[in-house]
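Note sheet for the following structure.
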Amino acid sequence: MTRQVRPADDAAAPSTLPTLSFAVPRRGKPPQHLADLDDAGRAAVLTEMGHPGFRAKQVSMHYFGHLTRDPADMTDLPAAVRQELTDILLPDLLTEVKRLEADGGATVKTLWSLFDGVKVESVLMGYSDRATLCVSSQAGCGMACPFCATGQMGLTRNLSTAEIVEQVRRAARACRDGELTRGPSRLSNVVFMGMGEPLANYKAVIGTVRRLVAPPPSGFGMSARNVTVSTVGLVPAIDKLSREGIPVTLALSLHAPDDELRTELVPINTRWTVGEALDAARRYFDATGRRVSIEYALIKDMNDHGWRADLLGEELNKRGRGWVHVNPIPLNPTPGSIWTASDPDVEAEFVTRLRAAGIPTTVRDTRGSDIDGACGQLAVQG
Ligand code: SAH
């Protein structure tokens, strides 16, 4: 892995990006939370309010280490200041509105209401060897992919770092407290595959990634390799991510190997082509040593042709061997969409052709489609 100097957070959205993807309506900002700040920032907030700075570390330990924001749990703090410190550093950011279970309780989708009433969803999935949380990074999404329910909503707003981190804390707690019927008691994986385009909310997403991997009390101490950032292919932001020195897994939502079809399925393709997105993905591998995932929703008679599997294999092999694998995803149904998943034999043929080209290929197990919690099904009213 190449380690490089980390650029300032603020240099996020390059000015070359289209207005479509960054036209975030201005509303009130979510209350500031310790997860929005680094260690020094947390201490500074407390000092400003007349408290000793070292208390920030204690409160952070409760939040990231013990997964609590309840003052009653903070027995190492003087009783008289527990509530006040909580009010300053740990404002309530997520209210659970609804919880739906599938797969006998091994998949749980939660609908959250944010401070301004905006709603987002996250999905927790327990497997025999891991527990994975799919987080939302935006309310809605500006990328407008026609086969994705979130894409049909448009973008409401970006989430703050702490609004994303708090989804993780609540899931980690649920795992610890045995609320999942399958999987370990420790949340092991986080995927940015819920609502939103993570790289269009770069600053909050990289802030979250830092909190995920930093050991307590700074963060949760997860392994970077167990964190996946999925993107439609915002090339400058992929390059920026490759310079962060945090080797998270990158997933590229390709869905077609040719520009003509990809432009229809992933409209941002008019800005960065298949070739440009794949080149950026390859650069990401070079910089981090992490094998890139190519996501490919298999849509009946749309993108599931044998020749497209061959072309995909060619495009990937052109850029070298061993740097990539493909995750075909059977299309999940979305309201109002005329498209359906490929027939099983067509899916099998697609996989066979990719493997014959030497490309490691695994069909994604889609969880939670009966609770509209699977890939591309997250959408909420309001
Ligand atoms: N905006 C990001 C992350 C969110 S979606 C991205 O596009 O990568 C996570 C994955 O689910 C993406 O690959 C997305 O294209 C895919 N997806 C969207 N709608 C889907 C659907 N109806 N069926 C299957 N996968 C879908």
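The values are calculated or read from the model by the stated rules, or taken from the named source; none is laboratory data. Every value quoted in this text rests on a predicted model; they were computed, and no experiment measured them. Note that we place each Cβ from the backbone using ideal geometry, even for glycine, and neighbour counts take in every protein chain shown. Heavy atoms of the whole protein, side chains included, go into the accessibility calculation; ligands, DNA and RNA do not. Shrake-Rupley method; radii C 1.70, N 1.55, O 1.52, S 1.80 Å.
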Residue in the range 287-300 that is among the aromatic types (Phe, Trp, Tyr), open to solvent by 10 Å² or more (accessible area, probe 1.4 Å) and within 16 Å of the ligand (Cβ to nearest atom) present: no
Cβ pairs under 6 Å, 6+ apart, first in the range 217-229 and under 16 Å from Pro247 (Cα atoms) and hydroxyl-bearing (Ser, Thr, Tyr), second modelled with pLDDT of 95 or more and open to solvent by less than 30 Å² (accessible area, probe 1.4 Å): Thr228/Val191; Thr228/Thr249; Thr228/Ala251
Which numbered condition trips up Phe350, out of (1) over 26 Å from the mean Cα position of the chain (by Cα); (2) more than 17 Å from Val363 (Cα to Cα); (3) open to solvent by less than 10 Å² (accessible area, probe 1.4 Å)? (2)
Could you tell me whether any residue of the range 337-359 is within 14 Å of the ligand (Cβ to nearest atom), part of a helix (DSSP H, G or I), within 24 Å of Pro146 (Cα to Cα) and in contact with a Leu (Cβ under 8 Å, 6 or more places away or on another chain)? yes
Residue identified as surrounded by fewer than 22 Cβ atoms within 10 Å (Cβ to Cβ), polar (S, T, N, Q) and within 19 Å of Gly376 (Cα to Cα) among Thr249, Thr270, Thr263: Thr263
What number of residues in the range 109-136 are touching a helix residue (DSSP H, G or I) at 6+ places or on another chain (Cβ under 7 Å) and within 17 Å of Pro184 (Cα to Cα)? 3
Verdict on Met222 being within 14 Å of the ligand (Cβ to nearest atom) and either crowded, with 19+ Cβ neighbours inside 10 Å or closer than 28 Å to Leu111 by Cα (or both): no
Going through the range 337-347 one residue at a time, which ones are open to solvent by 90 Å² or more (accessible area, probe 1.4 Å) and at pLDDT below 95? Ile338
I'm trying to understand the selection: among the residues of the range 317-336, which are more than 16 Å from the ligand (Cβ to nearest atom) and open to solvent by less than 30 Å² (accessible area, probe 1.4 Å)? Gly320, Trp323
Where residues in the range 33-56 are more than 21 Å from Ala79 (Cβ to Cβ) and within 21 Å of the chain's Cα centre (by Cα), which of them is surrounded by the most Cβ atoms within 10 Å (Cβ to Cβ)? Ala35
Quick check on the range 100-111. Is at least one of its residues assigned to a strand (DSSP E or B), farther than 19 Å from Leu212 by Cα and free of Cβ contacts under 8 Å to residues at least 24 places away in the same chain? no
Please determine, by comparing only the residues of the range 123-179 that are assigned to a strand (DSSP E or B) and within 12 Å of the ligand (Cβ to nearest atom), which one is farthest from Ser218 (Cα to Cα). Leu155
For the range 180-194, the count of residues that are open to solvent by 40 Å² or more (accessible area, probe 1.4 Å) and within 13 Å of the ligand (Cβ to nearest atom) equals 1
Of the residues in the range 195-214 that are within 16 Å of the ligand (Cβ to nearest atom) and β-branched (Val, Ile, Thr), the one that is surrounded by the most Cβ atoms within 10 Å (Cβ to Cβ) is Thr208
